[in-house]
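Read the figures in this text as sums done on the coordinates, not as results from a lab. Only a predicted model underlies this, so the values are computations on that prediction, with no experimental measurement involved. Virtual Cβ from ideal backbone geometry, glycine too; neighbours counted across all protein chains shown.
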Amino acid sequence: MKKVLLVVAAVCSSYFAQAQDGGIKLGLKAGINYANITGDDASSADPRIGLHFGAFADYGINEMVSIRPEIMFSGKGFKMEESESNIFEAGDRYSMEMTQQINYIDVPVLAHIKQGNFFLEVGPQVSFLMSAKGTVKGTYKAADGTSESEEDSDSSTDGLRSVGLGYALGAGYELSNGVALSLRYNGDFTGIAEEDDDAKIKNSVIQLSVSYRISK
């Protein structure tokens with residue numbers, strides 16, 4: 001993993017050097033993730049809110065089209081809630097809340113197509129697993145109103161896929177001063193887990209972003 005990140009850093013350094021020569025336009029970007037999962041057994045999952053931030057570089061092919069590689073920290077994952085009543089006695093209730101946060105470094109390489117102030121973008125994406133944290137909270141409420149709660153968390157990345165492949169597509173509007181607002185969907189080709197049997201569970205993220213083009 002460290003070798004892969006060093007390669008990514010080297011590529012970004014190369015782009016920065018070219019940008020200083022005027023060949024590439026650099027920018028910064030940040031925003032909110034509306035993250036969830038898709039696939040088998042994912043229907044009961046709820047979205048969680050995360051953040052993304054990073055940098056991009058535009059290499060212009062012509063006035064309309066440019067190639068835009070990005071390097072972005074992206075917080076993904078999901079939430080899930082379940083409950084059951086009348087377990088030990090009539091009127092009692094047990095509820096469980098689970099939150100799974102999975103952090104990645106996303107490296108999309110996009111075709112950036114601009115018409116006036118509007119733009120479209122689409123392309124492949126590689127995601128490098130950085131960290132994960134799962135939290136489970138269980139609450140038992142008896143029929144007489146008394147309750148008891150337990151909470152446990154785990155920061156292990158065991159069983160999670162270290163490198164994933166996916167895609168990104170989106171649209172936005174850029175002002176003449178270099179500030180842009182965009183909406184993007186990120187989907188996965190590969191599953192979250194390493195095992196092939198679990199490959200059907202994939203990240204699904206809607207991103208709302210604000211970006212600023214440093215070099216114009």
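So the values come out like this:
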{"item": "Rounded to the nearest 20 debye, dipole of segment 22-179 from Cβ charges on Lys, Arg, Asp, Glu", "result": "1020"}
{"item": "Computed helical MRE - 222 nm, the chain, DSSP H runs ≥ 4 contributing -39500 (n - 2.57), nearest 500", "result": "-3000 deg cm²/dmol"}
{"item": "Chymotrypsin sites (Phe, Trp or Tyr not before Pro) lying in DSSP loop within segment 134-207, provided at most 14 other Cβ fall within 10 Å", "result": "F189"}
{"item": "Lys/Arg +1, Asp/Glu -1 at C-beta; the chain dipole; positive extreme among F189, V163, S215", "result": "S215"}
{"item": "Segment 26-120: chymotrypsin sites (Phe, Trp or Tyr not before Pro) in DSSP loop, at most 16 other beta carbons within 10 Å", "result": "F88"}
{"item": "Relative contact order (%) - the chain, alpha-carbon pairs under 8 angstrom, separation at least six", "result": "20"}
{"item": "Over segment 2-213 - Rg/Rh using Cα atoms and the Kirkwood inverse-distance radius", "result": "1.10"}
{"item": "Net length gained if the chain between D40 and Y59 were fully extended (0.36 nm per residue, minus Cα distance)", "result": "2.9 nm"}
{"item": "Reachable aspartates and glutamates, given that their alpha-carbon falls under 15 Å from the alpha-carbon of K114 and they are not under 8 places away in the same chain", "result": "D58, E63, E174"}
{"item": "Subset of K25/K200; K29/K202; K141/K202 violating a 31 Å alpha-carbon distance limit", "result": "K25/K200; K141/K202"}
{"item": "Between 0 and 90°, nearest 10: helix 2-20 axis offset from the chain longest Cα axis", "result": "40"}
